[in-house]
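The values are calculated or read from the model by the stated rules, or taken from the named source; none is laboratory data. What you see is a predicted model; the values in this text were computed from it and never measured. Positions of Cβ are backbone-derived with ideal geometry, glycine not excepted, and every protein chain shown enters the neighbour counts. Just the protein is used for accessible areas: all its heavy atoms, side chains included, with ligands, DNA and RNA removed. Shrake-Rupley method; radii C 1.70, N 1.55, O 1.52, S 1.80 Å.
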Amino acid sequence: MTSRVRHTTVDCTDAYRLACFWAQVLDGTLAEDDLPGDPEATVTAAGGALLFLTVPDAKTVKNRVHLDLEPQDRNRDEEVERLLALGATLVADHRRADGTGWATLADPEGNEFCVERSAAERVR
């Protein structure tokens, strides 16, 4: 018997607020019993679940683990714009003139994640 990843856990200062952001990013849902002020919140989306835990420490260094997002119904640049409008910030832009590369963004609490090209963009 082997193990499976049940969810990826993210430490944060406001679990509910950050879970709401990620639910929008991933078109996911929060657990029915998650409410503002709760010390934890779970987002379920295609591909898995994210668990957000409120901790007393603020983020101070680069993440050791991060998510790489692949847009499903838009291209990479359109997805970057959508995420910026949701409250993400651009950390580093690794997009190249030939259409390759990725963008590194941060969520509202500074956790980095990358937006890669969509599958359709990779087959060109």
If the chain between Ala85 and Gln24 were fully extended at 0.36 nm per residue, the gain over the current Cα-Cα distance would be 20.9 nm
In region 1-111, what percent of the accessible surface is made up of carbon and sulfur (1.4 Å probe, ligands and nucleic acids excluded)?
51
For the chain, go through all pairs of different Cα atoms, get the mean of 1/r, take its inverse, and jot down that Kirkwood value in Å.
15.3
DSSP beta bridge pairing in region 1-117, given as percent antiparallel to the nearest 5:
65
Region 8-124 - accessible surface per residue (Å², probe 1.4 Å)
59
Could you give the size of the charge dipole of the chain about its Cα centre, using +1 on the Cβ of each K and R and -1 on the Cβ of each D and E, expressed in debye and rounded to the nearest 20?
520
Could you run the Karplus curve 6.51 cos²θ - 1.76 cosθ + 1.60 with θ = phi - 60° over region 82-95 and give me ³J(HN,Hα) per residue in whole Hz, x for Gly and Pro?
4, 5, 4, 5, 7, x, 6, 10, 7, 9, 8, 10, 9, 6
Förster radius 35 Å - calculated FRET efficiency between Arg96 and Thr2 (Cβ-Cβ, nearest 0.05)
0.35
Taking every pair of distinct Cα atoms and averaging 1/r, then inverting, what Kirkwood hydrodynamic radius in Å comes out for region 5-55?
10.4
